[in-house]
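Okay, structure first, notes after.
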Amino acid sequence: MNRVVVANWKMNPPSQKEAEVLFKASHSLIKNIKNTKIIICPPFPFLFIAKKFKNKNVFLGSQNVSSEAEGSYTGEVSPKMLKNMGVSYVIVGHGERRLLGDTNEIVNKKILNLLKFKLFPILCVGENKRESDGRYLSFVEEQIKNSLFGIPGTQLKNIIIAYEPIWAIGKNATREATKDEFMEMKIFIKKIIADIYSPKIAHSIIILYGGSVNPQNTKSFIEDGGAEGLLVGRDSINPKKFGAILSALN
Ligand code: PGA
């Protein structure tokens with residue numbers, strides 16, 4: 001079975017030299033991994049380093065993109081620039097970007113643009129908190145419906161969805177999700193996709209789990225929770241831990 005592991009380096013490491021060391025370490029870990037597609041997402045200034053490393057299981061990803069295709073937008077990076085840098089995948093709607101102002105409408109615009117330039121969006125969704133009355137379900141439903149607005153069913157094979165509850169990601173995480181919480185959400189997301197598109201499309205869409213993924217919980221999300229892959233933040237910049245995550249998958 002083909003699994004997907006996304007390494008989200010976030011705003012790390014601080015220098016080109018350290019980024020090269022990290023690329024090198026990640027690639028030597030990946031060498032012997034089979035049946036897993038690995039997508040490394042360094043910060044923009046280090047994308048170019050990936051050119052030095054080649055492996056058919058490894059793809060280059062970006063952590064963000066402009067919602068505009070081209071023009072006078074100071075500080076923005078366009079889909080075409082990413083494409084020309086060798087990027088294949090782009091994370092959109094990450095919880096940390098949503099906190100900085102990315103709305104569902106902006107995320108939708110980014111996805112439409114990425115698809116135009118034949119880049120694959122990794123759409124992150126996830127609630128801030130889990131209310132006992134289940135309101136988080138409608139929150140995620142709205143994120144998905146609005147983010148995918150106007151996107152034809154034929155394009156869904158080019159989109160990966162990552163369920164990343166905000167409360168489980170990054171340094172401020174209160175806890176990781178459980179395999180059951182992930183499984184509930186996976187079924188729910190597939191139902192939304194089936195309602196908008198078709199059961200066939202829902203069946204084939206890849207859904208990842210992200211949020212405090214570590215070597216200890218990897219197996220349970222994949223084998224018991226039914227995740228088709230993982231989005232790894234902090235532990236993706238620690239080669240020892242990242243290696244253990246990859247080994248747990250094989
Ligand atoms: P984390 O980050 O693994 O450090 O929780 C995941 C993410 O934010 O993508």
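The values are calculated or read from the model by the stated rules, or taken from the named source; none is laboratory data. Note that the coordinates shown come from a computational prediction; the quantities given were computed from them, not determined experimentally. Heads up, the Cβs are rebuilt from the backbone with ideal geometry, glycines too, and the neighbour counts pull from every protein chain shown. All accessible areas refer to the heavy atoms of the entire protein, side chains included, with ligands and DNA or RNA removed. Shrake-Rupley method; radii C 1.70, N 1.55, O 1.52, S 1.80 Å.
Assorted remarks:
- Distance (nanometres) between label positions extended 7 Å along Cα→Cβ at Leu99 and Thr74: 2.6 nm
- Accessible area per residue, Å², the stretch 23-102 with all protein chains present, probe 1.4 Å: 52 Å²
- DSSP finds beta bridges in the stretch 3-249, and of those with both partners inside it, around 0 percent are antiparallel.
- Based on C-alpha pairs under 8 angstrom that are at least 6 apart in sequence, the chain has a relative contact order of 20 percent.
- Rolling a 1.4 angstrom probe over the stretch 3-249 with all protein chains present gives an accessible area of which 56% lies on carbon and sulfur atoms.
- Angstrom value of the Kirkwood radius, inverse mean 1/r, which spans all Cα pairs in the stretch 97-160: 12.6 Å
- The phi-based Karplus calculation (6.51 cos²θ - 1.76 cosθ + 1.60; θ = phi - 60°) puts the 3J(HN,Hα) values of the stretch 103-119 at 8, 4, 5, 5, 4, 4, 5, 5, 4, 4, 5, 4, 5, 4, 9, 6, 9 Hz, whole numbers, x for Gly and Pro.
- In terms of packing, defined here as the mean over residues of other Cβ atoms within 10 angstrom, the peptides 128-134, 189-195, 99-105 line up highest first as 189-195, 99-105, 128-134.
- Per DSSP, loop GluC sites (Glu not before Pro) in the stretch 138-212 with at most 14 further Cβ within 10 Å: none
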